[in-house]
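Every read-out reported here was derived from the displayed coordinates using simple, explicitly stated rules and does not represent laboratory data. Only a predicted model underlies this, so the values are computations on that prediction, with no experimental measurement involved. Here the Cβ positions follow ideal geometry from the backbone for every residue, glycine too, while neighbour counts run over all protein chains shown.
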Amino acid sequence: MKFARIFFLLIFFLAACQPISAPPTPAPLPSPSPVLPDLLSIPGEALQITPAPHTTPQALLNEAPLRPSFSASAEPSTLWRPPLYEAPLAISPYDHFYFTRPIAVNTVNWPLGDYRYGYYFPGLEVVHIGVDIDAQRGSPVLAAGPGRVIFTGYGLQLGRDDPADPYGQAVMIEHDFGYRGQALYTVYGHMDRVDVIRGQRAETGTQLGLVGNTGATTGPHLHFEVRVGSRYGSFQNPELWVTPPLGMGVLAGRMQEEDDDPITSLDVELIYQPTNKIYPARTYAGRTYSEPFFRENLARGDLPAGNYTLHFVYDSQEYFYPLTIQPGTVNYFTFHATKGFSTGLPTISNISGLTPAP
Ligand SMILES: [Zn+2]
C-alpha cells in the first residue's frame, strides 16, 4: 500500500514542469481519488440555482476588459486590468476562491495556455498538476494566502536538499484555513531565490522569493499548485481556487463518454459572443484529481462575464452550446455523449458532515 502511494506520488511529481526535450514517459494513469467522493457523488434533489449577484460595478462590466491572449508572449504589464476580486470570495456556496495570485496584478500573472492544470505537456505523456505563470525572471513571488511556511529550498519532490529536484527552489505553505475540514497547501516552484524560512508565518502577499529558472524548466516561470488534504494530498486546479479578475468568471465542466469515462484531452472553444474572441480550453488528460464537488475534467479561468458559445467536435460530431459566464463565480456545465448538455451546479443530496468553508 505504501509502495503504491509512493509510486503514485512519483508520477505526479515528475509531471512538474518537465523540459520539453525530455524523452516521453509512458506514465500509468492513477485512478482519480477525489476528496470525499462518496459523499459528493450521491445523485438526488437538484439544488436551486440562484443567479450569482453581480458584485462588480456595472461600469466595470460594461468596459471591455483588455484581454491577455494566454500565449507565451508576455504583454506589457500596463495592459493588465481590471484588478482581481479580493480573496476570499465565494458567491456560490460551492465556490472557494480563497487565494490571490502569486504574482502581482500589475505583472503577467495568468496561466500559460498550454501549461494549465490537467494538460499533457506537449509531446509528453505526463499530466501537469499545477499552472505555470510566465512571469519575468526576478518578479516577486507572493504568498497566495496566510499560513505557515512548511518547506523551502531544493528537495520538495526528491528530498534531502537535492539540487536536481524538478521543482527547483520551492516553497510550500500550509494555510491557516482549510476546505471542508481538510488542510490546504500552496506550492511555488522554480524560484531563483527564496526569501522565507521554514516555520515562518506568511501573510497574503508576503514575498516568498523571486521567479526563476531552477529545477526542470525550459525558461523562467512560476509553477503554482494547490493541494487539499495533506502535504501530499490531492492536487487541485488552481484556477478554481484563485480569485478571478473583476468582471470575469471561471468555467468548470464535466465531459463524459458514453460509458461515463471522462473525455480526455478534448479541445474546446469558448466563443465570446460580443467579439467572437475564442478562449480555448481542454479537458484533463488521463485521470487526475478533480475538485470534490464539481468533479470537473475541464476548468478555465479569466473569462469575461457574458454569453458564450461552447464549441467542440466529439466523435466526428460538431457541437455548439450556449453558456453564460457570471463574474466572480464558478459557472458549471456537463456534457455526456448520450445524455447531452446540462448547466447549473451539480446535484447532490447530502453534504452534511462537510464543515463550512472559512
Ligand atoms: Zn508547472
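Values for this structure:
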quantity: Distance histogram in 5 Å bins (all Cα pairs of segment 79-224, percent per bin); calculated: 2, 10, 18, 22, 22, 16, 8, 3, 0
quantity: Qualifying trypsin sites (Lys or Arg not before Pro) in segment 137-189, DSSP loop, other Cβ atoms within 10 Å at most 10; calculated: Arg160
quantity: Ranked list, fewest to most other Cβ atoms within 10 Å of each Cβ, for Glu318, Glu239; calculated: Glu318, Glu239
quantity: Å³ per residue enclosed by the Cα convex hull of segment 153-310; calculated: 152
quantity: Summed side-chain charge close to Asp259 - residues other than Asp259 whose Cβ falls under 13 Å, Lys, Arg +1, Asp, Glu -1; calculated: -4
quantity: Around Pro280: net Lys/Arg minus Asp/Glu count, Cβ-Cβ under 10 Å; calculated: 0
quantity: Along principal axes, Cα extents of segment 234-334, largest first, whole Å; calculated: 36, 34, 16
quantity: Net charge, Phe312 excluded, C-beta distance under 12 Å - Lys, Arg +1, Asp, Glu -1; calculated: -3
quantity: Tail beyond 13 Å, pair distance distribution of segment 225-264 (Cα, percent); calculated: 67
